[in-house]
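The values are calculated or read from the model by the stated rules, or taken from the named source; none is laboratory data. Quick caveat, the model's predicted, so the values are computed rather than measured. Backbone-built Cβ (ideal geometry, glycine too); neighbour counts: all protein chains shown.
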Amino acid sequence: MNATAKVKPIADGVHTLTPHLVCAGTAQAIEFYKNAFGATELMRLPGPDGRLMHASVKIGDSLLMLVDEAPEWGSLGPKSLKGSPVTIHLSVVDVDAAIARAAAAGATIKMPAADMFWGDRYGVIVDPFGHVWSVATHIRDLTPEELQAAGREALANMCSDAGKPKA
């Protein structure tokens, strides 16, 4: 019998989709995620040059994998790339407290928390390593029809506000 036959194809505690972030300074990123999001460090695998080849933390019930930049392998973080098209979404019990905690730990608030038409209180931060995080607390359930109507109303309001002078 094959010894690997008993190994689970998806390990316990791992979801089928897990973010894997490249950071300029993964060790510092781990400390930031501990302070900002209450992350628990699970492991670090340093390479011979001291850079982390792999690390993982747990935030809530989810795994986050991390690695140090390695330009020689084409592995660059958002700061080296001058931004990121990716937003990582974090669901929390108290979005206002979570954003305040992240800001106190060094994040930049890109969009303060506000009640959104889709039923979440939602805000956006950028961590010190250039990763964008949306943070939300679900505050009301909507039917698909209510969501469609609320979305149309929000879009109409944005379009009508677009032509108004800023105060």
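Of the set (1) part of a helix (DSSP H, G or I); (2) surrounded by fewer than 12 Cβ atoms within 10 Å (Cβ to Cβ), all apply to Gly151 but (2).
When Ser84, Ser91 are screened for being of a type in the set (Ser, Thr, Tyr), closer than 30 Å to Glu153 by Cβ and within 13 Å of the chain's Cα centre (by Cα), only Ser91 passes.
Pairs are defined by a Cβ separation below 9 Å, a sequence spacing of at least 6 or placement on different chains, a first member in region 132-153 that is closer than 26 Å to Ala107 by Cβ, and a second member that is part of a helix (DSSP H, G or I) and of a type in the set (Asp, Glu); the pairs so defined are Thr137/Asp96. Please work out if Asp161 is modelled with pLDDT under 95, assigned to a helix (DSSP H, G or I), among the acidic types (Asp, Glu) and farther than 19 Å from Gly83 by Cβ. Considered against the rule, which asks whether it is modelled with pLDDT under 95, assigned to a helix (DSSP H, G or I), among the acidic types (Asp, Glu) and farther than 19 Å from Gly83 by Cβ, Asp161 comes out as yes.
Is there a residue in region 99-112 that is among the hydroxyl-bearing types (Ser, Thr, Tyr), assigned to a strand (DSSP E or B), over 12 Å from the mean Cα position of the chain (by Cα) and under 20 Å from Gly77 (Cβ atoms)? Yes, that holds for at least one residue. Kindly provide the set of residues from region 123-142 that are in contact with a helix residue (DSSP H, G or I) (Cβ under 7 Å, 6 or more places away or on another chain) and hydroxyl-bearing (Ser, Thr, Tyr), ordered by number. The answer is Thr137, and nothing else.
Would you check which residues across region 88-123 are among the β-branched types (Val, Ile, Thr), closer than 18 Å to Gly60 by Cα and either surrounded by 13 or more Cβ atoms within 10 Å (Cβ to Cβ) or touching a residue at least 60 places away in the same chain (Cβ under 8 Å) (or both) and list them? Please lay out each step first, then the result.
Of all residues in region 88-123, those among the β-branched types (Val, Ile, Thr) come to 88, 92-93, 95, 99, 108-109.
Now drop any that are not closer than 18 Å to Gly60 by Cα, which leaves 88, 92-93, 95, 99.
Result: Ile88, Val92, Val95, Ile99.
Scanning region 128-148 for residues that are surrounded by 10 or more Cβ atoms within 10 Å (Cβ to Cβ) and either of a type in the set (Phe, Trp, Tyr) or part of a loop (DSSP other than H, G, I, E, B) (or both) returns Pro128, Phe129, Gly130, His131, Trp133, Ile139, Arg140, Leu142. A search for C-beta distances below 7 Å between a residue of region 6-21 that is over 14 Å from Leu66 (Cα atoms) and any residue that is surrounded by 10 or more Cβ atoms within 10 Å (Cβ to Cβ) and aliphatic (A, V, I, L, M), counting only pairs 6+ apart in sequence or on different chains, returns Gly13/Leu63; Val14/Leu63; His15/Leu63.
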